[in-house]
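Undergrad: I am attaching a structure below and will ask some questions about it afterwards.
Values in this text are rule-based calculations from the coordinates and carry no lab data. Note that the structure is a prediction, hence the values are computed from the model and not measured. All Cβ positions, glycine included, derive from the backbone under ideal geometry; neighbour counts span all protein chains shown.
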Amino acid sequence: MIYISIIIILILLTMGVAGLSFAPWVPARKKDVARIFALSDLKSNEVFYDLGCGDGRMIFFAAKNYGAKAIGLEIGLPLYAFCRLKQMFGEKTNAIIKFKNLFKENLGEADVVYFFGMPEKIKNKLAEKLKKEMKSGSRIISYAFHVPGLSPFAVDKPTKDEISIYLYRM
């Protein structure tokens with residue numbers, strides 16, 4: 001019984017670290033995935049990053065439907081493990097899943113970067129990283145929240161009840 005308690009505590013701690021680092025895991029709604037990829041204009045020869053890839057939904061979709069080099073970064077150990085298991089037993093794609101803090105990854109090769117992040121973390125950490133590392137012509141997709149310091153190229157919000165999806169071009 002004590003081992004189960006320890007495992008549960010470790011899982012909760014790693015999930016907490018991920019939430020404090022950037023955002024809690026909030027997967028994109030299935031109905032929003034098409035909107036996200038329409039905005040991204042992803043091509044088969046491009047590199048797609050998901051910062052905090054959670055269950056891998058976005059990287060598997062990018063690899064499978066667009067043939068893109070799809071890279072997911074995840075710092076929450078349970079989500080990373082789930083994503084790897086999903087890849088081993090279900091999602092047969094060439095997506096790359098890294099157990100890594102997104103702030104430690106250079107995004108210079110990215111053509112499209114997708115994320116859901118908390119506004120304070122985007123403002124204080126991510127906006128400068130994106131401006132510094134991303135190449136000219138690359139695209140940024142932010143699910144739900146505006147990126148301070150960047151002007152959106154487009155905002156997809158079909159109705160007042162829909163979640164905003166922001167597109168930025170570098």
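Undergrad: Restricting to segment 45-92, count the residues that are out of contact with any Cys (no Cβ under 8 Å at 6 or more places or on another chain) and either surrounded by fewer than 18 Cβ atoms within 10 Å (Cβ to Cβ) or among the charged types (D, E, K, R) (or both).
TA: Looking only at that region, the number is 20.
Residues checked against (1) closer than 22 Å to TYR166 by Cβ; (2) among the small types (Gly, Ala, Ser):
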| position | (1), (2) |
| --- | --- |
| ALA70 | yes, yes |
| THR93 | no, no |
| PHE99 | no, no |
| LEU102 | yes, no |
| PHE115 | yes, no |
| PRO119 | yes, no |
| ASN124 | yes, no |
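Undergrad: Of all residues in segment 46-73, which are of a type outside the set (A, V, I, L, M) and more than 19 Å from GLU133 (Cβ to Cβ)?
TA: The answer is GLY54, ASP55, GLY56, ARG57, PHE60, PHE61, LYS64, ASN65, TYR66, GLY67.
Undergrad: Can we say SER136 is among the hydroxyl-bearing types (Ser, Thr, Tyr) and closer than 22 Å to ASP32 by Cα?
TA: no
Undergrad: Across segment 116-170, what is the number of residues that are of a type in the set (A, V, I, L, M, F, W, C) and without any contact (Cβ under 8 Å) to a residue 24 or more places away in the chain?
TA: So the count comes out to 4.
Undergrad: Something else about it: When you go through LYS64, LYS98, LYS43 one by one, which is the residue that is in contact with a strand residue (DSSP E or B) (Cβ under 7 Å, 6 or more places away or on another chain) and among the charged types (D, E, K, R)?
TA: LYS98
Undergrad: Go through (1) over 24 Å from LYS31 (Cα atoms); (2) surrounded by 14 or more Cβ atoms within 10 Å (Cβ to Cβ); (3) touching a residue at least 12 places away in the same chain (Cβ under 8 Å); (4) not basic (Lys, Arg) and name the single condition ASN106 misses.
TA: The number of the failed condition is (2).
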